[in-house]
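Report on the following structure.
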Amino acid sequence: METMKIERDFFPKVVTALGRSSLFGNLDERLLTQVASACQLVRFAAKETIIEEGAPSDCYYLILSGEAVVLG
């Protein structure tokens, strides 16, 4: 896992993706921008585990590119 700062030119893509999500979709542009400002961009390697079933989590993952498989 690699955590990166969201670059200025990528920031609008994050705001748009948040606006399309079921959790944040009802927020206006100003609030979406505030949420996006608190986000971190994380890149995972192929086949890397993002989170394991039953593990506590304090974050929300939104896939901006690529794909993930849910195993259970």
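Of all residues in the stretch 9-47, those satisfying the criterion of being among the hydroxyl-bearing types (Ser, Thr, Tyr) and open to solvent by less than 80 Å² (accessible area, probe 1.4 Å) are Thr16, Ser21, Thr33. Just one residue in the set Ile6, Ile50 is touching a strand residue (DSSP E or B) at 6+ places or on another chain (Cβ under 6 Å), surrounded by 10 or more Cβ atoms within 10 Å (Cβ to Cβ) and touching a residue at least 12 places away in the same chain (Cβ under 8 Å); that residue is Ile6. When Thr33 is tested against (1) among the hydroxyl-bearing types (Ser, Thr, Tyr); (2) at pLDDT 90 or above; (3) out of contact with any helix residue (DSSP H, G or I) (no Cβ under 7 Å at 6 or more places or on another chain), just one condition goes unmet, and that condition is (3). When restricted to residues that are part of a loop (DSSP other than H, G, I, E, B) and either among the aliphatic types (A, V, I, L, M) or under 13 Å from the mean Cα position of the chain (by Cα) (or both), the stretch 26-43 contains 4.
The values are calculated or read from the model by the stated rules, or taken from the named source; none is laboratory data. As the structure is a prediction and not an experimental result, all values here were calculated from the model. Cβ coordinates were reconstructed from backbone atoms using ideal geometry, including for glycine residues, and neighbour counts include every protein chain displayed. Note: areas computed on protein heavy atoms with side chains; ligands, DNA, RNA excluded. Shrake-Rupley method; radii C 1.70, N 1.55, O 1.52, S 1.80 Å.
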